[in-house]
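This report refers to the structure that appears directly beneath it.
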Amino acid sequence: MFQGVSLDQAPPFEAPLLFFLGALFFGLLGGFALFFDSSIATLHLFTIGVLMMVMFGALQQMLPVVVGVKFEHPFKAALLAFFPIFFGLVLFWSAFWLKLSLLLVGVSLLLIGIGGFGLVTLFKLFKAPYTSPTVIAMRLSLLFLLLALLLGAHLGSSLGLMKVGKSFELLLPIHALLAGFGWIGLLIVGVSFQVIPMFYVTPEMEEKKRKLLVYALGFLVVLSTIAPFIHPKAALIAFITLLFGYLLYALLTLRQLQRRKRALKEPTILFWQIGLGSLFFLPMLFFFDPQAFAIVGIFGFAMSVVFGMLYKIIPFLAWFHISSRGFFDMPTMKEMISEKLALIQLFTHIAATLLLAIQPPLAAPLTILSFLLLGFNLLRPVRIYFDYKKRPSPFEMR
Amino acid sequence: MREIVVDTREFEPPAPMQMVLSELQSMLPNQSFVHQIHRMEPTMLFNRLKPMGIEFIVRKDGEEYHIYYFYPEDRAKIQELIDVSRR
Ligand code: HEM
């Protein structure tokens, strides 16, 4: 007979939680930094500190479940990646204020933390028992991350050694392209195929379309990387085509959200709609306002989607881990997050993004408020998880 | 064999997982199996089954997934039932 479930394959909640906590820290640090600086250094507090941290946590959680492979020592692996990235990023950022040569230490730590985690994850993905468009997107995404990391390390060490040559100018946009549209973009694409039908009760996107999107976007990233070495015009054409590829992705995904079986109205759908909607502005902004282009891409698209995902994933994981220990009396996912406060956080985030594109220092207070609200909103499911963790499992009492 | 049908297509998580887990409690070897109809592969749930000693077969039909859960000793019978019903 059925014996209950006390064991499960998912890694302990603490492993992804560590990354999510790191993301919150860097979001707040980034918010304070904006008061006096809106350079590329501060931008990396958000791209590495917030986006990458969340994505590493989510990957670690999704790999066993979606792909069927797992980390042997999930919490140790998380620690081994987390601390080098944490201190590496702090040094990377402060090097620009204190002493450029500190960049060398910062970059080395980032190479260890990101490179280690990236390589292990990529290796696992190639050993996956089955492939799906999501798995292919994740592999490409990690491959692009490793390339972006190497280029970033080259840029950082050139600055650290005060040897900025011709290659710097050429490789700078390629680094940003690989990191933004290769790593972050393709990961979101792959993950969305999985989480949108799951959380929003929509049909899956057709397999053909999913495959086409992943291969086309991946190919266009590669093309945009190579093209600058051939001809500037070729580079422009390849990149614009890539932007329209993402626009097509946004269109298909928005339509998929429209097809949800129950017209549930809830803030996290709005996070997705705003994130995907941001992609429509990119082709125009690329020509008229490069700074707004980067802000709308990173904060409007990636950050909105990542926030929306956190509001679903954290309560779900809390529920999952508690229930797998045999409890059935815990609050529901809906009760774990206040919809009203999530909505307020969303508006704060949108306002902060708009101000960032126009007047970055003015965005500082709202960015801080947005991350404070995010932390406050997500504290409840985490507290519920730890409350239940302290109680003996009903299975063990039997 | 008695078929216990659970249609989870229109439920938000975690309801689909709860519904199937609850039906699995009443499933008996040699007597019954659970047939879930869902909008995607419930991979989170699959991960929970391994330690429970329950097996499953997935069949895709258009936009729907049909997932059959059973005890290992019933595999041959279930396979036959699925093949017949799909002909
Ligand atoms: C993970 C996501 C990352 C994203 C989205 C990202 C994005 C960017 C962007 C948009 C730029 C500016 C490009 C331009 O002005 O044309 C940039 C520059 C740079 N990135 Fe990254 N980057 C990431 C990771 C990294 C990593 C891991 C490193 C170091 C190991 C790094 C090191 C650098 C350096 C040194 C610069 C040049 C800074 C300067 O010119 O002052 N980046 N990055």
Placing +1 on each Lys and Arg Cβ and -1 on each Asp and Glu Cβ in segment A:279-367, then taking the dipole about the Cα centre, the residue among A:GLY300, A:MET284, A:LEU317 whose Cα reaches farthest towards the positive end is A:LEU317
Distance (nanometres) between label positions extended 7 Å along Cα→Cβ at A:PHE376 and B:VAL58
4.1 nm
How long is the gain from A:PHE386 to A:GLN359 if the chain were fully straight, where each residue apart is worth 0.36 nm and the alpha carbon distance is subtracted?
5.7 nm
Per DSSP H run of n ≥ 4, the term is -39500 (n - 2.57); total these for chain B, divide by its residue number, and report the mean residue ellipticity at 222 nm rounded to 500 deg cm²/dmol.
-10000 deg cm²/dmol
Would you calculate a helix-derived [θ] at 222 nm for chain A, using -39,500 (n - 2.57) for each DSSP H run of n ≥ 4 and dividing by the full residue count, to the nearest 500?
-24000 deg cm²/dmol
Using +1 at the C-beta of Lys and Arg and -1 at the C-beta of Asp and Glu, which of A:LEU145, A:LEU343, A:ILE269 has the Cα lying farthest in the positive direction of the dipole of the protein assembly as shown?
A:LEU145
Compute the Rg to Rh ratio over segment A:259-398 from the alpha carbon atoms, using the Kirkwood formula for Rh, and round to two decimal places.
1.10
As a percent rounded to 5, the proportion of antiparallel DSSP bridges among beta bridges in the protein assembly as shown is 65 percent
Do any of A:LYS209/A:LYS389; A:LYS127/A:LYS389; A:LYS127/A:LYS233; A:LYS166/A:LYS211; A:LYS334/B:LYS50; A:LYS166/A:LYS233 go past 30 Å between their Cα atoms, and which?
A:LYS209/A:LYS389; A:LYS127/A:LYS389; A:LYS127/A:LYS233; A:LYS166/A:LYS211
What dipole magnitude, in Debye to the nearest 20, does the protein assembly as shown give about its Cα centre under +1 on Lys/Arg Cβ and -1 on Asp/Glu Cβ?
280 debye
Once R0 is set to 56 Å, what does the formula 1/(1 + (r/R0)^6) return for the Cβ-Cβ distance between B:GLU10 and A:LYS233, expressed as a FRET efficiency to the nearest 0.05?
0.65
For segment B:2-81, what is the charge dipole size about the Cα centre, in debye to the nearest 20, if Lys and Arg each add +1 at the Cβ and Asp and Glu each add -1 at the Cβ?
220 debye
DSSP bridge pairs, chain B: antiparallel proportion in percent, nearest 5
65 percent
Residue-averaged beta-carbon neighbours from other chains (10 angstrom radius) around A:367-373:
0
Filter the chymotrypsin sites (Phe, Trp or Tyr not before Pro) in segment A:316-398 to those in DSSP coil with at most 11 other Cβ atoms within 10 Å of their Cβ, and list the result.
A:PHE328
What is the distance in Å between the Cα centres of segment A:174-214 and segment A:39-62?
17 Å
Among B:LEU21, B:PRO42, B:GLY53, pick out the residue whose Cα is farthest towards the positive end of the charge dipole of chain B, where Lys and Arg carry +1 and Asp and Glu carry -1 on C-beta, about the Cα centre.
B:GLY53
FRET efficiency, 1/(1 + (r/R0)^6) with R0 35 Å, evaluated for A:LYS76 and A:GLU169 via beta carbons:
0.30
Here FRET efficiency (C-beta to C-beta, B:GLN79 to A:LEU21, R₀ 60 Å, nearest 0.05) is 0.80
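Rule-based calculations on the coordinates, nothing more; no lab input. The model shown is predicted, which means the values in this text are computed figures rather than measured ones. Cβ atoms come from the backbone with ideal geometry, glycine included; neighbour counts cover every protein chain shown.
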